[in-house]
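Contents: one structure, followed by commentary.
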Amino acid sequence: MIKPAHVQIRAVGAYVPPRRVTNEELAESVETSDEWIRSHTGIGARHLAEDDVATSDLAVGAVRDMLRRHGLHTEHIGAIICATATQDYPGFPATACVIQDKLGLRTIPAFDISAGCTGFIYALELARGLVSMGTVGSVVVVGAEKLSAVTDWSDRNTCVLFGDGAGCVLVEPSDEQGSDILDSVLHAEGSGAGYLCIPRGGTRSPLDPGVVPEGMKLKMDGRAVYNFAVGVLGEVVDELLSRNQLTIEDIDWIVPHQANSRIISAAAKRLKIDQGKFFVNIADYANTSSASIPIALRDMEEQGLLKRGQLIMTIGFGAGLTYGGNLLRW
């Protein structure tokens, strides 16, 4: 296969479950309030999947939305990479394989990556590599999460933060000058692994037979994660600008992981960047982890905010602790 001159994002899609839970509704079951949640996080509502809906179902919904919106067919899909922290099955099989089957596809490569909320960033760069080397003709990169399944709904400090959903993009070669995935930076700081984790169920702390798996719910040191995120968001912006001889004025949009609006505000202030350059939709979805950036890209496309030739940064940070970003020419 001839190696392409450029690798582009051709299409985007997203899906969130129909059940929408507002802060007021959440306050009926846990001690909190709409005012507290909005002032501390920027979140107004979240979408939660029903018990019989799996992460793969959300992902398939996003892929079908992308195909429908852009007039494409499943034959356009040459590989599937699923970024998720909430796989259908623990460990194996890969959720991407389940997605492949549900889409009626056969033989194409399908695998998951686990990089927390930075998962989409990592997966997009992997897709760029596979396509640019000619290994596959195209890749669907999907970020999908059913975080409601691992949320401790009695912990008011964490349960207000998360939602369910999926977003995806189609990555393919292009001979056209302009539209391109230009660069990516990928980092991790493993010493912070314990700040955001599911404590039980892995080989470090396996479950005992007959014991209720209380430790299989998400645990987070909110202050540590907040401080980490504010710092690395700025680092990634600076690194992408420096590596590509750009200034912040050259960037049309920064699309950050939608974790907390206060993180974005603090980073913008530290970087002396107009906060209007950041696209933020956390009020409608809460934190959907690896799905948040592709959902944001779909919303931006729907709102007519994405224009041909724009320079866009995507920035992610999350469990691992991982962080990174992509530089895109739309």
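The values are calculated or read from the model by the stated rules, or taken from the named source; none is laboratory data. What you see is a predicted model, and the numbers here were worked out from it, not measured in a lab. Please note: Cβ atoms are built from the backbone with ideal geometry, for glycine as well, and neighbour counts cover all protein chains shown.
If you check Val236 against the conditions, is it in contact (Cβ under 8 Å) with a residue 12 or more places away in the chain, more than 30 Å from His70 (Cβ to Cβ) and either touching a Lys or Arg at 6+ places or on another chain (Cβ under 6 Å) or not in a loop (DSSP other than H, G, I, E, B) (or both)? Before the answer, list the steps.
On the way: in contact (Cβ under 8 Å) with a residue 12 or more places away in the chain: yes; more than 30 Å from His70 (Cβ to Cβ): no; either touching a Lys or Arg at 6+ places or on another chain (Cβ under 6 Å) or not in a loop (DSSP other than H, G, I, E, B) (or both): yes.
Against the criterion (in contact (Cβ under 8 Å) with a residue 12 or more places away in the chain, more than 30 Å from His70 (Cβ to Cβ) and either touching a Lys or Arg at 6+ places or on another chain (Cβ under 6 Å) or not in a loop (DSSP other than H, G, I, E, B) (or both)), Val236 does not qualify.
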For the range 141-184, the count of residues that are over 30 Å from Asp51 (Cα atoms) and part of a loop (DSSP other than H, G, I, E, B) equals 5
Answer from Asp183, Asp155, Asp101, Asp175 - the residue that is surrounded by fewer than 19 Cβ atoms within 10 Å (Cβ to Cβ), within 30 Å of His40 (Cβ to Cβ) and more than 15 Å from the chain's Cα centre (by Cα): Asp155
Restricting attention to the range 39-85, the residues that are surrounded by fewer than 21 Cβ atoms within 10 Å (Cβ to Cβ) and under 15 Å from Phe111 (Cα atoms) number exactly 1
Within the range 9-18, can one find any residue that is part of a helix (DSSP H, G or I) and touching a helix residue (DSSP H, G or I) at 6+ places or on another chain (Cβ under 9 Å)? no
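Assess whether Thr107 counts as being surrounded by 20 or more Cβ atoms within 10 Å (Cβ to Cβ) and either small (Gly, Ala, Ser) or in the same structural domain as Gly13 (by TED's automatic domain parsing) (or both). Even if it seems obvious, please write down each step before you answer.
Working: surrounded by 20 or more Cβ atoms within 10 Å (Cβ to Cβ): no; either small (Gly, Ala, Ser) or in the same structural domain as Gly13 (by TED's automatic domain parsing) (or both): yes.
Taking the combined requirement at face value, the residue does not satisfy it.
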Suppose the filter is free of Cβ contacts under 8 Å to residues at least 24 places away in the same chain and of a type in the set (S, T, N, Q); does Ser33 pass it? yes
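Conditions tested, residue by residue: (1) at pLDDT below 95; (2) of a type outside the set (Ser, Thr, Tyr).
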residue: Ala96; (1), (2): no, yes
residue: Ile108; (1), (2): no, yes
residue: Phe111; (1), (2): no, yes
residue: Cys117; (1), (2): no, yes
residue: Ile121; (1), (2): no, yes
residue: Gly134; (1), (2): yes, yes
residue: Val139; (1), (2): no, yes
residue: Ser154; (1), (2): yes, no
Please verify whether the range 132-140 includes one or more residues that are assigned to a helix (DSSP H, G or I), closer than 30 Å to Gln310 by Cβ and touching a residue at least 40 places away in the same chain (Cβ under 8 Å). yes
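Could you say which residue among Val53, Val30 is among the aliphatic types (A, V, I, L, M), part of a loop (DSSP other than H, G, I, E, B) and over 27 Å from Cys82 (Cβ atoms)?
On the way: Val53 fails: over 27 Å from Cys82 (Cβ atoms).
Testing whether each residue is among the aliphatic types (A, V, I, L, M), part of a loop (DSSP other than H, G, I, E, B) and over 27 Å from Cys82 (Cβ atoms) leaves just Val30.
Any residue at all in the range 77-89 that is assigned to a helix (DSSP H, G or I) and in contact (Cβ under 8 Å) with a residue 24 or more places away in the chain?
Looking through the range 77-89, none of the residues is assigned to a helix (DSSP H, G or I) and in contact (Cβ under 8 Å) with a residue 24 or more places away in the chain.
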Whichever residue in the range 220-258 is closer than 19 Å to Ser289 by Cβ and β-branched (Val, Ile, Thr) and, among such residues, is surrounded by the most Cβ atoms within 10 Å (Cβ to Cβ): Val236
Could you tell me how many of the residues in the range 274-298 are in contact with a Gly (Cβ under 9 Å, 6 or more places away or on another chain) and at negative phi? 16
Does the range 317-325 include one or more residues that are within 24 Å of Arg69 (Cβ to Cβ), in contact with a strand residue (DSSP E or B) (Cβ under 9 Å, 6 or more places away or on another chain) and not assigned by TED's automatic domain parsing to the domain that holds Cys82? no
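Take Thr32 and decide whether it is in contact with a Lys or Arg (Cβ under 9 Å, 6 or more places away or on another chain), modelled with pLDDT of 95 or more and hydroxyl-bearing (Ser, Thr, Tyr). Reasoning before the result, please.
On the way: in contact with a Lys or Arg (Cβ under 9 Å, 6 or more places away or on another chain): yes; modelled with pLDDT of 95 or more: no; hydroxyl-bearing (Ser, Thr, Tyr): yes.
Criteria not met by Thr32.
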Out of Asp274, Asp252, which single residue is of a type in the set (D, E, K, R) and without any contact (Cβ under 8 Å) to a residue 60 or more places away in the chain? Asp274
Looking only at helices (runs of 4 or more DSSP H) that fall completely inside the range 242-330, which ones have 3 or more residues that are modelled with pLDDT under 95? 261-271
